[in-house]
1. When you look at residue 101, is it outside any loop (DSSP other than H, G, I, E, B), modelled with pLDDT of 95 or more and loosely packed, with under 12 Cβ neighbours inside 10 Å, yes or no?
Amino acid sequence: MLTLSPYSFDGTQPKTPTTSERARTHRERAWSIVIFIRKFLSYLGLSALFISLGLIVGIIGYHWAAGLSWLDALVEASMILSGMGPISPLSTTSAKVFASLYALFSGLIFVLAMGIVLSPLMYSLLSQFQVNLKKENEEEGKRPAKKRI
């Protein structure tokens, strides 16, 4: 029969955290969540700024190159930027060239915006892995590996 022992592999009993240590770690976690939310919202705002700039470029381009009204240019640029596709038929060569260049530009704006939004999430995830590795190394009595240059 397998029995679980409160002792670790080296024969010592693990230290139970005191109330003040638990409260401190709770405060640190709560503060790190607040910092993460602030960073995420700032990156979300930066992403919205790039999307807005891309939309303005599209509105001006469709108004100038295709001769669309401001509202039609807004709809056309919004549809291209969101990946839905064009709505109005384009009759001039300059409008078609602009539409193709704007479609490529919109794809880059989308990738840029997603990279900006996902970067704090990926950073948080990767830093959690690093923290867990450091804790495991400390528990085993090992020092973390030094970086080689």
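1. No; evaluated as a whole, the condition is false for this residue.
Listed here are the residues, each with its yes/no results for (1) out of contact with any helix residue (DSSP H, G or I) (no Cβ under 6 Å at 6 or more places or on another chain); (2) at pLDDT 90 or above; (3) under 24 Å from residue 124 (Cβ atoms); (4) surrounded by 11 or more Cβ atoms within 10 Å (Cβ to Cβ).
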{"residue": "21", "(1), (2), (3), (4)": "yes, no, yes, yes"}
{"residue": "28", "(1), (2), (3), (4)": "yes, no, yes, no"}
{"residue": "34", "(1), (2), (3), (4)": "yes, no, yes, no"}
{"residue": "55", "(1), (2), (3), (4)": "no, yes, no, yes"}
{"residue": "60", "(1), (2), (3), (4)": "yes, yes, no, yes"}
{"residue": "84", "(1), (2), (3), (4)": "yes, yes, no, no"}
{"residue": "92", "(1), (2), (3), (4)": "yes, yes, no, yes"}
{"residue": "106", "(1), (2), (3), (4)": "no, yes, no, yes"}
{"residue": "110", "(1), (2), (3), (4)": "yes, yes, yes, yes"}
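The values are calculated or read from the model by the stated rules, or taken from the named source; none is laboratory data. Computed from a predicted model, the values in this text were never measured in an experiment. Cβ coordinates were reconstructed from backbone atoms using ideal geometry, including for glycine residues, and neighbour counts include every protein chain displayed.
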